[in-house]
Amino acid sequence: VLGVFGRFCNSISCVKRLAGVFSILKLNPLPIHSNMIQKQRLKNLDKFRANDHGLLLATDVASRGLDIVGVNHVIHYDVPRTAEIYIHRSGRTARASNIGLSLLICTPDKKNVYLNVLRTMKREKELPKLEVQHRMLQTFIVCVKLAQEITTLEEKAKKETASTNWFNKAAEEMEILLDDDELPRGMGTNDLKKHKKLVNSKRKQLDMFLSTIK
């Protein structure tokens, strides 16, 4: 990662999902969205400013009103809904006569939204395309897929454990004795052990692939 990155999403759930994946990829993302308390938002912004390799994940709450020097790249992970949003997001980079790159990721299902943004901007031609050597992306794709799988597995285990703990606590408070067959039908102890073993295995695979990326 060269320079400081700002990555914009259209929703809070997208920011949270990416933050989980990027954390597993050891990229130390700094999320910012409207559901966070102001103190935490400001803390993450300070960390972003102080890190030459910072990665900010934000909804459009951060697309205007922030003047952060040295943001080299802005990535539109989600196609902005309007031209105004695109301009405000892109305006976080190339400030004060500095050079910057604004990259928009567009999947086929979002092509109409993208073209509408261009029409509103009165652009006759599409934005220049970034040429990518797909062979170079193979290792990155494997790493991202592994990180996504780990995130899903850990979230499932977390929900299962929280559900069982809540049930046991409620029964204890009401002084109810439960038989094993009365407990929630979630993961048992053995299932959780197998689940943890699978997660650890995938983490080792991921670490191996990450070690090949310089």
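The values are calculated or read from the model by the stated rules, or taken from the named source; none is laboratory data. Bear in mind that the values here come from a model prediction, so they are computed numbers and not experimental data. With ideal geometry, Cβ positions are generated from the backbone for all residues, glycine too; neighbour counts draw on all protein chains shown. Keep in mind that these areas ignore ligands, DNA and RNA; they rest on the heavy atoms of the full protein, side chains included. Shrake-Rupley method; radii C 1.70, N 1.55, O 1.52, S 1.80 Å.
Here are the numbers:
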| item | result |
| --- | --- |
| The range 4-43: projected area of the alpha-carbon convex hull, averaged over directions, in nm² | 3.0 nm² |
| Most to least accessible of 106, 14 (protein chains only, probe 1.4 Å) | 106, 14 |
| Rounded to the nearest 20 debye, dipole of the chain from Cβ charges on Lys, Arg, Asp, Glu | 1120 debye |
| Qualifying lysines (Cα of each under 25 Å from Cα of residue 125; at least 8 residues distant if same chain) | 110, 111 |
| Computed Rg/Rh of the range 18-90, alpha carbon atoms with Kirkwood Rh | 0.94 |
| Candidate lysines for bridging to residue 43, where Cα separation is under 19 Å - those fewer than 8 sequence places away on the same chain excluded | 16 |
| Lys/Arg +1, Asp/Glu -1 at C-beta; the chain dipole; positive extreme among 94, 198, 29 | 94 |
| Paired Rg and Dmax values of the chain, which use every Cα atom, in angstrom | 21.6, 72 |
| The chain - mean residue ellipticity at 222 nm from DSSP helices (-39,500 (n - 2.57) per run, n ≥ 4, rounded to 500) | -16500 deg cm²/dmol |
| 89, 123, reordered so the largest accessible area comes first (probe 1.4 Å) | 123, 89 |
| Cysteines having no other Cys beta carbon under 4.7 Å from their own, within the chain | 106, 143 |
| Accessible area, probe 1.4 Å, largest first, for residues 69, 4 | 69, 4 |
